[in-house]
Amino acid sequence: MLAALSASIGSVTLPLDAVLKTLTGSTDVDPVMRQIILDFRLPRILTALLAGAALGTAGLLMQTVFRNPLADPFVLGVNSGASLGVALVLLALAPVGISLTEGLGASGQLLIIFASSAGAAATLFVVLLLSRRVDVMSVLIIGLMISYTVGAIVSILMFFSMAERLQSFINWSFGDYGNVSWSHLRLFAPAILSGIIVSILFIKPLDALLLGESYAQSIGTNTKRCRLLVLLAASILAGTVTGFCGPIGFLGIAAPHLSRYLCRTSSHRVLIPASILIGALLSLGSDFVSRGPGLDVVLPLNAITALVGAPVIIAALVKQRNMKRLFG
Amino acid sequence: MTDSNQNTTLATRGLSIGYQQGTAARCIAKDLNVSLEAGEFVCLLGPNGVGKSTLIRTLAGMQSPLSGQVQIAGSNFQDIPPRERARLVSVVLTETAPIGMMDAYTMVSLGRHPYSGRFGSLSVEDRERIEWSFDAVGARDLAQRQVAELSDGERQKVSIARALAQATQVMLLDEPTAFLDLPRRVELMSILRNLAHKEKLALLLSTHDLDLALRFADRFWVLTPEGQLIQGYPEAIAMSGDFAKVFASENLDWDASVGSFRAHPTPCLSAKVNGDGTAALWTKRALERLGFGTTEDNASAVFSIEIHDESRWEIERNGQTHDFDTIDDLIDWIQLQDWSQSPPT
């Protein structure tokens, strides 16, 4: 329902019945409308759903591994790594005369995706390399420090950049589901599905980790291996989303908390599907709002996710009265 | 509930424990050769910071020994794969509650992980063992409660039930009574002792609650600051000078004659107490607390107390006598006096 509504809203508002007819396979629709729906709106909706599911799952994994309610999918710095990649392409390469992104053409889009994925992967590699010997809390701090460092480099790049270049970087940082086409989805969807499958395979050790690493170890969990693979899966989920859609904040921290609040459990067998579902719905809802029903503009997706999500979390916490009852 | 017919369930062979710091090793204790038998409740004692937790972590396989071996039922613990280990040894740590909204039943069911399948689904057998574990610690009514909302004592019971659900031969507990009040501590210790005896568990518990350990433990392991591990029956260790050596400090002394520690081992002033029974005992305790020694010698006493019928105290000091009907009045009077002028004994 939300999906159908979402499909009808965009730079051109389409009648809802046309959307429904197209989606049910009927050919009795204006071919232009049909094309808009199938080639632009549908991929956007799928992207929104997948991205939300990915961020919800990644957030849950990070919160469990770090035993920290404030952990989000980007604690290991994949977001800032991605933004460095994009900043390098948009800001640093431009003065040298390379401007593949002029008008954000198809090849430029691909370059951005490549740059941000590479940036995210490189940062993740550095963090995991440094984290091999330290305890889990230190991993969190190392991730944060790397984020700050990388963020600082991005700031310096921005300082030396021209206004129009800056604008396209800022546009990227707003986040957008609309840049993912069917051909991108062929890469995007499998990456996210595999990340989600890995996290489902780790349901049991994740439950064990709720007791803390020592206890988890004492009931037969290989905590080091589990920690590494889960962090990797979460970062791939988060990095893929950032790569294709830009940095989408908030969903990753909100979806797991809402799942806990609604399902009143800490069992990952329930929380993983719940986070996938809630993440996907929040994501689609935010996209819908950002397209501004009745407005001519597209609002920054990143702002909408927080505007929609934050009050929900606050309400849940106020109703629970304290964090301990929700998170422990 | 154990399958082992062997008596010695856990043993160490030339075990050295400590931490690897870079290339240097910080050794806490070395060449330990001790054993823990099925069906016995052993208390591990030692002053704070002596390495009790390190020993427990090493025995539990959470930390590698610097050298030597921990053997469980005859095989080297380090060679046993994690899942098998978890069926042999369970632990209870001081570590706090699990995160998230977890009810006690779920927490105890995590103890079945070494037996359950890929996604941790519980079989009928698993559920029976979980319920048995709740009953064994008398916590059946806690099963549906949120762990975060339990009191410290209740949470510790659930934690022990979780370890019991693992159905291991050995259970290691690191200061499980640390945050509990006295009645809760006594309750927990007697639950644990009964479990060791009835279920033939080999149970090791670290504590610095010497008093309670003396009353409940079948045997003691005492870890000394020098890195030695003394083992023996509680009374034998209490009678020997070992306690005094291990625990004595500047203002605390082990008194083997009463089986407890004594503050201010070198009082400046002494008093003489005549009388017996409860009143005399607590009068002496009060004097000790206030910094007086007790003496039988009239000459060295700065004052003497005569107790009549356990309910009337008569103090004689410098030829004057004072009568008190309650120990409160007696203590008040002693505290109000100026003792600085009295000749030291």
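Applied to the range A:241-254, the Karplus parametrisation 6.51 cos²θ - 1.76 cosθ + 1.60 on θ = phi - 60° returns per-residue 3J(HN,Hα) values of 4, 4, x, 8, 10, x, x, 10, x, 6, 4, x, 8, 6 Hz, with x for Gly and Pro.
If you take all other residues with their beta carbon under 11 Å from the beta carbon of residue B:120, and give Lys and Arg +1 and Asp and Glu -1, the sum is +2. Other residues within the sphere of radius under 12 Å centred on the Cβ of residue A:274, judged by their own Cβ, net out at +3 (K and R +1, D and E -1).
Among beta bridges from DSSP that stay inside the range B:269-336, the antiparallel ones total about 55%.
Averaged over peptide A:202-215, the number of partner chain Cβ atoms lying within 10 Å of each residue's Cβ comes to 6. Protection proxy ranking of A:186-196, A:53-63, by the mean of other Cβ atoms within 10 Å over each peptide's residues and highest first, is A:53-63, A:186-196. Once the Cβ-Cβ distance of residue A:186 and residue A:163 is raised to the sixth power relative to R0 = 35 Å, the FRET efficiency obtained is 0.45. For the residues of B:165-175, the average number of beta carbons from a partner chain within 10 Å of their own beta carbon is 1.
Taking 23 Å as the cut-off for C-alpha to C-alpha distance, list the pairs among B:52/B:157; B:30/B:200; B:30/B:245; B:30/B:52; A:204/A:224; B:30/B:198 that go past it.
The pairs that break the limit, which is 23 Å between Cα atoms, are B:30/B:200; B:30/B:198.
Put simply, the amide H of residue B:269, placed in the peptide plane, has neighbours under 5 Å in B:293, leaving out anything fewer than 5 places away on its chain.
For residue B:272, the lysines whose Cα comes closer than 21 Å to its Cα, not counting residues fewer than 8 places off in the same chain, are B:284. Between 0 and 90 degrees, rounded to the nearest ten: what's the tilt of helix A:78-87 against the longest Cα principal axis of chain A? The helix A:78-87 is inclined about 40 degrees to chain A. For the segment A:219-226, counting C-beta atoms of other chains within 10 Å of every residue's C-beta and taking the mean gives 5.
Per residue of chain B, what 222 nm ellipticity follows from adding -39500 (n - 2.57) for every DSSP H run with n ≥ 4, rounded to the nearest 500?
Calculated at 222 nm, the ellipticity per residue is -9000 deg cm²/dmol.
Remark on the protein assembly as shown: ratio of C-alpha radius of gyration to 2.2 N^0.38 Å is 1.30. Local charge for residue B:317 was computed over the other residues whose Cβ lies under 13 Å away, with Lys and Arg +1 and Asp and Glu -1, and equals -4. A simple rule links phi to the HN-Hα coupling: the Karplus curve 6.51 cos²θ - 1.76 cosθ + 1.60 with θ = phi - 60°, which for the range A:149-160 gives 4, 5, x, 5, 4, 4, 4, 5, 4, 5, 4, 8 Hz, with x for Gly and Pro.
R0 = 25 Å: FRET efficiency of residue A:194 with residue A:125, Cβ-based, nearest 0.05?
That gives a FRET efficiency of 0.85.
Between the Cα long axis of helix B:327-336 and the first principal axis of chain B there is an angle of about 70°, rounded to the nearest 10.
Between amide H atoms placed 1.01 Å from N, distances below 5 Å from residue B:67 occur with B:16, all of them 5 or more places distant or on a separate chain.
Distance between the modelled labels on residue A:171 and residue B:327, one decimal in nanometres: 8.6 nm (7 Å Cα→Cβ projection).
Exposure proxy for B:179, A:288, A:159: other Cβ atoms within 10 Å of each Cβ, ordered fewest to most, give A:159, B:179, A:288. Here the residues B:294, A:240, B:326, ranked from fewest to most Cβ neighbours within 10 Å of their Cβ, fall in the order B:326, B:294, A:240. With one equal scatterer per alpha carbon and no solvent term, the Debye-computed log10 I(q)/I(0) for the range A:2-327 at 0.08, 0.14 1/Å reads -0.38, -1.10.
Residues within the reach of a label modelled at residue B:23 (point 7 angstrom out along Cα to beta-carbon, backbone nitrogen below 17 Å), restricted to the range B:65-84: there are none. Diffusion coefficient of chain B by Stokes-Einstein, Kirkwood radius over Cα pairs, 10 °C, 1.306 mPa s: 69 µm²/s. Spin-label model, residue A:270 to residue B:289: label points 7 Å out along the Cα-to-beta-carbon direction sit 5.0 nm apart.
Cβ crowding within 10 Å, taken as a proxy for footprinting-reagent exposure, orders A:45, B:80 from fewest neighbours to most as B:80, A:45.
Quick note: the coordinates plus some simple rules give every number you see, no bench work behind them. Every value quoted in this text rests on a predicted model; they were computed, and no experiment measured them. When we count neighbours, we look across all protein chains shown, and the Cβ atoms used for this are built from the backbone with ideal geometry, even at glycine.
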